Amino acid sequence: MRRERLYISGPITGTTDAEERFRKAADMYKDRFDIVNPYEVFKTVGFLRQKEILDLCLDLLSECDYVYFMAGWQNSLGCQCEYGYSYGANQKGDITMMFE
């Protein structure tokens, strides 16, 4: 049986501390979940457009059981899209939403 997966959602663009915030969030839950950390996944692919990254993030999110929204998610277009997807999936019982 596989461990449940947790997707971390938080602002990246326009921040200077994203790596640290995503690492702290991952550390909080690493004993309970397999962590999907989009910061780590995409930090080396600067050649991708924002829409391409968002499409890939939503694909990753669709495979998760939980999503954790870090503080400030409301100010990030990407996080707002992840929230919209998660809200719909939550209504169907497919994902559990958690907030900082």
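Taken together, the values in this text are just the output of simple stated rules run on the coordinates, not laboratory data. Quantities reported herein were computed from a predicted structural model and do not represent experimental measurements. No Cβ is skipped: glycine too gets one built from the backbone with ideal geometry, and neighbour counts run over all protein chains shown.
Using helices alone, what [θ] at 222 nm do you get for the chain, with -39,500 (n - 2.57) per DSSP H run of 4 or more residues, divided over all residues and rounded to the nearest 500?
Using -39500 (n - 2.57) per qualifying helix, the result is -13500 deg cm²/dmol.
What's the magnitude of the charge dipole for the chain around its Cα centre, counting Lys and Arg as +1 and Asp and Glu as -1 at the beta-carbon? Answer in Debye, nearest 20.
Approximately 0 debye in magnitude.
Mind checking which lysines have their Cα closer than 20 Å to the Cα of Lys24? Skip sequence neighbours fewer than 8 apart in that chain.
Lys43
With a sphere of radius 12 Å drawn around the Cβ of Met97, what net charge do the other residues whose Cβ falls strictly inside it have (Lys, Arg +1; Asp, Glu -1)?
-4
Once you have a ≥ b ≥ c as the square roots of the Cα gyration tensor eigenvalues for region 13-75, tell me rounded if a/c is under 1.5, and otherwise prolate or oblate according to whether a/b is larger than b/c.
The shape class here is oblate.
Considering only the other residues whose Cβ falls under 10 Å of the Cβ of Cys64, what net charge follows from Lys and Arg at +1 and Asp and Glu at -1?
That sum, taken over residues with Cβ under 10 Å, equals -4.
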